[in-house]
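Notes follow once the structure below has been shown.
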Amino acid sequence: MEYGGPAGILEDLFVRAEFRGRGLGTAAARELRAFCLARGLRAVSEDVGRANDAAQRVSDRAGFAATDRQLLTLELAKPAHIA
């Protein structure tokens, strides 16, 4: 247990295009942090596309940081966004 207790994974944080730029992603990340802290989680990891600059900025503002860990995935189905 790397962080000495339970940890979570944020799989997707999506804000529809017409609502972007209003701070909703940042607000959601703040709520996520409070939710996890209240439940004793010690860390939260996030999956963000390398080319998704807007999501990277939200993550930075929320305090997420790159680590020496690598996300590995065992795909059991095609990603939903790939037809």
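What follows is calculated from the coordinates using simple rules that are stated; it is not laboratory data. These numbers were taken from a predicted model, which means no experiment stands behind them. Neighbour counts run over all protein chains shown; Cβ positions are idealised from the backbone, glycine included.
Considering the range 1-43, the residues that are among the hydrophobic types (A, V, I, L, M, F, W, C) and assigned to a loop (DSSP other than H, G, I, E, B) include one that is farthest from Ala55 (Cα to Cα), namely Met1.
Among the residues of the range 43-60, the one identified as in contact with a helix residue (DSSP H, G or I) (Cβ under 7 Å, 6 or more places away or on another chain) and exposed (fewer than 13 other Cβ atoms within 10 Å of the Cβ) is Gly49. Look through the range 44-81, keep the residues that are in a loop (DSSP other than H, G, I, E, B) and acidic (Asp, Glu), and return whichever of them is nearest to Glu11 (Cα to Cα). That would be Asp47.
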